[in-house]
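So the structure is just underneath, and the comments pick up after that.
The values are calculated or read from the model by the stated rules, or taken from the named source; none is laboratory data. For clarity, every value in this text was computed on a predicted model and none was experimentally measured. With ideal geometry, Cβ positions are generated from the backbone for all residues, glycine too; neighbour counts draw on all protein chains shown. These accessible areas exclude ligands, DNA and RNA; they are computed on the full protein's heavy atoms, side chains included. Shrake-Rupley method; radii C 1.70, N 1.55, O 1.52, S 1.80 Å.
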Amino acid sequence: MASGKIATVMRGRRLYNPCPSPGSDEVSVTEYPFEGGSRVLVISEDGTVMRGYGAPAGMQVVKTAWLDGAIYASAITDDGFGVFCVSDGFREVLPPVSAKIKELRAHDGALYLVSDKNGADELYCLREGVLTRVTSTRYGGREFIFNPSGTTLTFAFL
């Protein structure tokens, strides 16, 4: 909304975790339809649904992120939390594990996420299918934020 005013553009739907697409007016959102299941919608700034991707049975989409024009999502399956490329028909990028995945986002050509897979919430980088732990804190952290230059990281302790 270029005017700077706040407006409701969609009513009667359960939409969560909006993620703007870099360089366009599109936003990906997670929808939990009243009839069940979940899907990723791509909407324009006026609320028009541009595309929709229904999650496979047994998968609940949580959060999306845009990377190189593709949409990725963290999702819960029967096997745990995983990361999937929505644009490629929910292709598995990070196999589901029995640990939480939170705060999915794209930065510097990679996906970043927070997971408690080693017992405490830590920041991980997923680049070209390889998951690397970025932080190692005593009790874990949250709300990881890269500064604008991308050279430092700010976060809160639990």
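Evaluate the charge dipole of the stretch 28-108 about its Cα centre and quote only its size in Debye, nearest 20, assuming +1 on the Cβ of each Lys and Arg and -1 on the Cβ of each Asp and Glu. Walk me through the intermediate numbers first.
On the way: 7 positive and 11 negative charges, 27 e Å.
It works out to roughly 140 debye.
Cα to Cα, under 25 Å, and not fewer than 8 places away if on the same chain: which lysines meet these conditions relative to LYS63?
LYS100, LYS102, LYS117
So if I place +1 on the C-beta of Lys and Arg and -1 on the C-beta of Asp and Glu, and nothing else carries charge, what would the dipole magnitude of the chain be about its Cα centre? I want it in debye, nearest 20. Write out the running numbers ahead of the final one.
Values: 16 positive and 18 negative charges, 70 e Å.
Dipole about the Cα centre, nearest 20: 340 debye.
Modelled label-to-label distance, ASP79 and ARG91, 7 Å Cα→beta-carbon offset: nm?
Each label point is offset 7 Å from its Cα along the Cβ direction, giving 1.7 nm.
Could you report the chain's accessible area per residue, 1.4 Å probe, as an integer in Å²? Write out the running numbers ahead of the final one.
Working: 8970 Å² over 158 residues.
It amounts to 57 Å² per residue over the chain.
Quick one: accessible surface of LEU67, probe radius 1.4 Å, all protein chains present, in square angstrom to the nearest 10.
Ignoring ligands and nucleic acids, LEU67 comes out at about 30 Å².
Rank PHE81, SER38, VAL93 by how far each Cα sits towards the positive end of the charge dipole of the stretch 1-99 (+1 on Lys, Arg Cβ; -1 on Asp, Glu Cβ) and give me just the farthest.
SER38
What part of the accessible area of the chain, given as a whole %, is carbon or sulfur when the probe is 1.4 angstrom?
Working: 4540 of 8970 Å².
Its accessible area is 51 percent carbon and sulfur atoms.
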